[in-house]
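Reviewing the structure listed below.
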Amino acid sequence: MKTAGTAAKTVAKSSEFAVIQTGGKQYQVSVGQEIKIEILTGEHKEGDAVVFDKVLLVDNGSDTTIGAPFIKGAKVNATISKIGRAAKIDVIKYKQKSRYFKKNGHRQPFYQVKIESLK
């Protein structure tokens, strides 16, 4: 199987998937997949179970359920496998001939979660 860089791990495509919303973004997930999420509210540590209840779409291969905006009773269970910070990004502001140079760095925190089940 191919991997898209070091950040994403490719898993065997299953016919069942869901689209969830968390941290202001939407993710297409399936069982066994690991995804990186930027924001989770509350205190969390590695190994904690997380439930995503904002499910927008569920497809099991033969039947598709679409929420308006969310599906009632649908949940995606996941486990936090890693908490870390992404690579450093340099932010540089520069204006020539005016002696103006500002350099700042930023490392975005992330939670890597493994999808356990779709309900």
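Being over 16 Å from Thr79 (Cα atoms), aliphatic (A, V, I, L, M) and either out of contact with any Leu (no Cβ under 6 Å at 6 or more places or on another chain) or in contact (Cβ under 8 Å) with a residue 24 or more places away in the chain (or both) is the filter here, so list the residues in segment 37-67 that pass it. Step through it out loud before you land on a result.
Just the residues of segment 37-67 that are over 16 Å from Thr79 (Cα atoms), to begin with: 54-67.
After this cut, where a residue has to be aliphatic (A, V, I, L, M) as well, the list is 55-58, 66.
Answer for segment 37-67, where residues must be over 16 Å from Thr79 (Cα atoms), aliphatic (A, V, I, L, M) and either out of contact with any Leu (no Cβ under 6 Å at 6 or more places or on another chain) or in contact (Cβ under 8 Å) with a residue 24 or more places away in the chain (or both): Val55, Leu56, Leu57, Val58.
If you go through segment 29-44 one residue at a time, do you hit one that is charged (D, E, K, R), outside any loop (DSSP other than H, G, I, E, B), touching a strand residue (DSSP E or B) at 6+ places or on another chain (Cβ under 6 Å) and at pLDDT 90 or above? Yes, because at least one residue in segment 29-44 is charged (D, E, K, R), outside any loop (DSSP other than H, G, I, E, B), touching a strand residue (DSSP E or B) at 6+ places or on another chain (Cβ under 6 Å) and at pLDDT 90 or above. As a summary of the residue check, Ser30 satisfies the conditions (1) surrounded by fewer than 15 Cβ atoms within 10 Å (Cβ to Cβ); (2) more than 14 Å from Tyr111 (Cα to Cα); (3) in contact (Cβ under 8 Å) with a residue 60 or more places away in the chain except for the one numbered (1).
Test Lys45 against the stated conditions and say whether it is over 10 Å from the mean Cα position of the chain (by Cα), of a type outside the set (A, V, I, L, M) and under 14 Å from Phe70 (Cα atoms).
Considered against the rule, which asks whether it is over 10 Å from the mean Cα position of the chain (by Cα), of a type outside the set (A, V, I, L, M) and under 14 Å from Phe70 (Cα atoms), Lys45 comes out as no.
The values are calculated or read from the model by the stated rules, or taken from the named source; none is laboratory data. This one's a predicted model, so the numbers in the text were calculated from it and none came from an experiment. All Cβ positions, even for glycine, are placed from backbone atoms using ideal geometry, and neighbour counts span all protein chains on display.
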